[in-house]
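The values are calculated or read from the model by the stated rules, or taken from the named source; none is laboratory data. Note that the structure is predicted; figures quoted are calculated from it, not measured. With ideal geometry, Cβ positions are generated from the backbone for all residues, glycine too; neighbour counts draw on all protein chains shown. For the accessible areas, the whole protein counts, side chains as well, though only heavy atoms, and no ligand, DNA or RNA atoms are used. Shrake-Rupley method; radii C 1.70, N 1.55, O 1.52, S 1.80 Å.
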Amino acid sequence: MSKLPKAPLIEVIFELRWQIKEKSDLTKYQYLIGDLYSKISDRFPYRESLVPPEIPSDILINKPAHRFRAGQNKYPLVQIGPGLITLNTIDDNYYWEEFYDWSNKLLSDFMEVFSFDSETFTPSLIYLDFFRFDFNSDNVNDYLNNQFNLTIDQSFLKDTGNPYNLNIGYYYNTELGKLDVLFKRGQNSKKEEGVLVTNGLKSNTSMSEKSEILDWLNKAHAFSSQLFKDITAGELYDSFK
């Protein structure tokens, strides 16, 4: 296993969604939380509730409501909500082969206890990278033009000074699904300011078999890995080695 020693990666998320079709599915979700925990508690024994218990589950559809970790503040972690389950990790713990193995085990445990009428799932793979940048002293448009394979310009305002914010998105249909590449102003875990780049791929195809999901996941990783190299090709990518 290998990775870039100075990678800007801050988080990787494997996400699986299914449809909540009727009110009884919300009741089944309450059972699913406990059933899943009984399967994964050997690996993720630390439990967290992400929302107050009085919040009705119907407004939490496709949002994480419970979290399971190996220990307090530790990664990887599993999040689950009505219609959603995710596996998250951070750069310090990320090696693709290991992350794929975690995903495989989680899928096996999840599908064993899944009892909803919906029999199909939609996978996504999301990478978040962070690049430190001072928005006050430098021009973020110049930074993106010089360091990334982007061309950003405008001619409708003169003498504007440095942009104080950033929110740019590129959205494409690919063979693997919908691709979102987002550039935003953000912070890392140390509260440092910079550019947050999100590379998210969501399948257009619903899948019912674990083998289908894992095959898509492998292809999505290969696609996203090459995309990262292409976006940062040159001096920026070399700085991660």
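Residue-by-condition table, conditions (1) closer than 29 Å to L4 by Cβ; (2) among the charged types (D, E, K, R); (3) in contact with a strand residue (DSSP E or B) (Cβ under 6 Å, 6 or more places away or on another chain); (4) surrounded by 19 or more Cβ atoms within 10 Å (Cβ to Cβ):
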site	(1), (2), (3), (4)
D58	no, yes, no, no
R67	yes, yes, yes, no
P82	no, no, no, yes
S108	no, no, no, no
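Scan segment 145-152 and give yes if some residue there is over 24 Å from the mean Cα position of the chain (by Cα) and assigned to a loop (DSSP other than H, G, I, E, B), otherwise no.
Pass one, segment 145-152, residues over 24 Å from the mean Cα position of the chain (by Cα): 145-146, 151-152.
Now narrow it down to the ones that are assigned to a loop (DSSP other than H, G, I, E, B): 151-152.
Yes, some residue in segment 145-152 is over 24 Å from the mean Cα position of the chain (by Cα) and assigned to a loop (DSSP other than H, G, I, E, B).
Residue check: R43 meets all listed conditions (1) more than 30 Å from I231 (Cα to Cα); (2) crowded, with 16+ Cβ neighbours inside 10 Å; (3) of a type in the set (K, R) but one, namely (2). Among the residues of segment 117-133, the ones that are touching a Phe, Trp or Tyr at 6+ places or on another chain (Cβ under 8 Å), open to solvent by 30 Å² or more (accessible area, probe 1.4 Å) and under 14 Å from R185 (Cβ atoms) come to 0 in all.
Do the conditions hold for E209, that is, is it acidic (D, E) and more than 20 Å from the chain's Cα centre (by Cα)? Taking the combined requirement at face value, the residue satisfies it. Taken over segment 3-62, the residue count meeting the criterion of being free of Cβ contacts under 8 Å to residues at least 40 places away in the same chain, within 26 Å of K74 (Cβ to Cβ) and of a type in the set (D, E, K, R) is 3. For the condition open to solvent by 40 Å² or more (accessible area, probe 1.4 Å), over 30 Å from D91 (Cα atoms) and in a helix (DSSP H, G or I), what is the one hit in Y31, Y37? Answer to the selection: Y31. Of the numbered criteria (1) open to solvent by 20 Å² or more (accessible area, probe 1.4 Å); (2) in contact with a strand residue (DSSP E or B) (Cβ under 9 Å, 6 or more places away or on another chain), the one D142 fails is (2).
Criterion first (open to solvent by less than 60 Å² (accessible area, probe 1.4 Å), at pLDDT 95 or above and not in a helix (DSSP H, G or I)) does V12 satisfy it?
Numbers: open to solvent by less than 60 Å² (accessible area, probe 1.4 Å): yes; at pLDDT 95 or above: yes; not in a helix (DSSP H, G or I): yes.
The answer is yes for V12.
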